[in-house]
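Right, one structure below, let's go through it.
Nothing in this text is a laboratory measurement; each read-out follows from the coordinates by a stated rule. Values in this document were obtained by computation on a predicted structure and should not be read as measured data. As a convention, Cβ positions derive from the backbone with ideal geometry for all residues, glycine included, and neighbour counts pool all protein chains shown.
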Amino acid sequence: MSQTAFAELIDSNRQNIVRVINGETRPNYVFINKILIAIPELSSEWLTRGIGPMWKGKGNPSDIGNSSVPPPKNEEDDWQNMTIKEVGEMLKQMKKGK
């Protein structure tokens, strides 16, 4: 998933994503809340505190399943086929950059 696609997924802009990934800024409440709204299967405890399992419920969901997410603007940003596991890996990388 590209940074642009992730930004669209969480209703943010690419520059905010870049700043968080590069460690230039820490994600604030609004940023974290947007992630949790876009990916409701993601555990808020894991995302904010690193505690417990990454996903709510049993096992990993197989896809995002959020029909309110806008379509990508071009083929490069084709995140519609991305699994929650792949999104999770990207979030893990973002957490390492704090």
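Of note:
- Remark: the Cα gyration tensor places the stretch 1-49 in the oblate category, a/c being 1.5 or greater and a/b not exceeding b/c.
- Footprinting exposure proxy for Glu24, Glu86 (fewest neighbouring C-beta atoms within 10 Å first): Glu24, Glu86
- Residue-wise HN-Hα coupling along the stretch 25-35, computed from phi with Karplus coefficients 6.51, -1.76, 1.60 (Hz; x: Gly, Pro): 8, 9, x, 8, 4, 4, 4, 5, 4, 5, 5
- Under 5 Å between amide hydrogens, built in the peptide plane, is the criterion, and for Trp55 it picks out Ser43 among residues at least 5 positions away or on other chains.
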